[in-house]
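Engineer: What follows is a single structure, and I will ask about it in a moment.
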Amino acid sequence: MKDPWESFVYLIEKICELQARDRLLNELALRAAPSPEIAAQRDAGHGAMREIITRAQDAGVLRADWALEDIAFITWSHSRVVEQTAGIAPEAWRRHLALILDGLRAEAAHPLPVPAISEDQLNRSLLADPDRDRGANAAPKKRWKWLRLPSEW
């Protein structure tokens with residue numbers, strides 16, 4: 001594809017489409033590579049993805065502060081959307097993805113509150129067991145119990 005934005009969108013859409021169609025791939029997206037062979041394939045794919053991302057950023061169509069590691073946030077949230085809607089509205093993930101992609105456009109960019117996670121942080125999070133590895137900043141397990149909205153809402 002010649003258009004850098006369309007190439008980027010195609011990449012992300014295909015990742016999400018594969019995830020929506022294949023439950024095993026959907027689960028693998030949430031974990032570290034289960035073998036050295038799969039890790040090598042993942043690393044080769046990351047190289048190609050970095051090229052597409054850089055091309056879109058250089059063209060000024062993808063926000064400059066977006067990093068390859070941010071794909072994890074798309075696949076993690078996408079996984080949950082697919083899980084919750086597969087039997088009810090199997091194409092609902094496309095709306096979710098369109099909302100995300102609109103937020104990644106360079107012209108929609110506003111400063112982000114924190115920097116992208118590092119590759120090391122991403123790899124550690126893929127190995128983490130959320131129930132075992134709850135840090136001091138982790139949300140309470142029973143999230144709704146602690147939620148208190150201001151009275152003016």
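The values are calculated or read from the model by the stated rules, or taken from the named source; none is laboratory data. This structure is a prediction, so every number in the text was calculated from the model and none was measured. Here the Cβ is made from the backbone with ideal geometry for all residues, glycine too, and neighbour counts use every protein chain on show. Each accessible area value is taken on the protein alone, full model and side chains, heavy atoms only, with ligands, DNA and RNA left out. Shrake-Rupley method; radii C 1.70, N 1.55, O 1.52, S 1.80 Å.
Engineer: Run Thr85 past the list (1) surrounded by 15 or more Cβ atoms within 10 Å (Cβ to Cβ); (2) within 21 Å of Glu13 (Cβ to Cβ); (3) in contact (Cβ under 8 Å) with a residue 12 or more places away in the chain and report the number of the one that doesn't hold.
Structural biologist: Of (1) surrounded by 15 or more Cβ atoms within 10 Å (Cβ to Cβ); (2) within 21 Å of Glu13 (Cβ to Cβ); (3) in contact (Cβ under 8 Å) with a residue 12 or more places away in the chain, only one is false for Thr85: (3).
Engineer: Being within 21 Å of Ala116 (Cβ to Cβ), hydrophobic (A, V, I, L, M, F, W, C) and not in a helix (DSSP H, G or I) is the requirement here; does Ala89 meet it? Reasoning before the result, please.
Structural biologist: Details: within 21 Å of Ala116 (Cβ to Cβ): no; hydrophobic (A, V, I, L, M, F, W, C): yes; not in a helix (DSSP H, G or I): yes.
Here the answer is no, as Ala89 does not meet what is asked.
Engineer: Quick one: Gly60 ticks every box in (1) over 22 Å from Lys14 (Cβ atoms); (2) modelled with pLDDT under 90 except a single one, so which number is it?
Structural biologist: (2)
Engineer: Separate question: Of all residues in the stretch 39-62 being touching a Leu at 6+ places or on another chain (Cβ under 8 Å) and without any contact (Cβ under 8 Å) to a residue 24 or more places away in the chain, which is surrounded by the most Cβ atoms within 10 Å (Cβ to Cβ)?
Structural biologist: Initial filter on the stretch 39-62 (touching a Leu at 6+ places or on another chain (Cβ under 8 Å)): 46, 49-50, 52-53, 56, 62.
Going one step further and asking which of them are without any contact (Cβ under 8 Å) to a residue 24 or more places away in the chain, we end up with 46, 50.
Numbers: His46: 15, Arg50: 12.
Taking the candidates together, the pick is His46.
Engineer: Suppose we keep only residues that are loosely packed, with under 11 Cβ neighbours inside 10 Å and not acidic (Asp, Glu) within the stretch 96-108. Which one would you say is farthest from Trp66 (Cα to Cα)?
Structural biologist: First, the residues of the stretch 96-108 that are loosely packed, with under 11 Cβ neighbours inside 10 Å: 99, 102, 107-108.
So of that shortlist, the ones also not acidic (Asp, Glu) come out as 99, 108.
Working: Leu99: 16, Ala108: 12 Å.
The residue in question is Leu99.
Engineer: Please give the number of the condition Arg23 fails out of (1) farther than 21 Å from Ala106 by Cα; (2) more than 15 Å from the chain's Cα centre (by Cα); (3) crowded, with 18+ Cβ neighbours inside 10 Å; (4) of a type outside the set (Phe, Trp, Tyr).
Structural biologist: All conditions are met except number (3).
Engineer: Within the set of pairs 6 or more residues apart or between chains, which connect a residue that is more than 16 Å from Leu68 (Cα to Cα) inside the stretch 109-120 to a residue that is open to solvent by 100 Å² or more (accessible area, probe 1.4 Å) and at pLDDT below 90 with Cβ atoms less than 8 Å apart?
Structural biologist: Final answer for the pair search is none.
Engineer: Follow-up. From the list Leu127, Leu68, Leu112, which one is on the phi < 0 side of the Ramachandran plot, aliphatic (A, V, I, L, M) and at pLDDT 90 or above?
Structural biologist: Details: Leu127 fails: at pLDDT 90 or above; Leu112 fails: at pLDDT 90 or above.
Going through Leu127, Leu68, Leu112 in turn, just one is on the phi < 0 side of the Ramachandran plot, aliphatic (A, V, I, L, M) and at pLDDT 90 or above: Leu68.
Engineer: Can you find a residue in the stretch 63-77 that is among the hydrophobic types (A, V, I, L, M, F, W, C), open to solvent by 30 Å² or more (accessible area, probe 1.4 Å) and either within 23 Å of Met1 (Cβ to Cβ) or outside any helix (DSSP H, G or I) (or both)? Spell out how you get there, then give the answer.
Structural biologist: The initial filter retains those residues of the stretch 63-77 that are among the hydrophobic types (A, V, I, L, M, F, W, C), namely 64, 66-68, 71-74, 76.
Filter once more, keeping what is open to solvent by 30 Å² or more (accessible area, probe 1.4 Å): 64, 73, 76.
From what's left, either within 23 Å of Met1 (Cβ to Cβ) or outside any helix (DSSP H, G or I) (or both): 64.
Yes.
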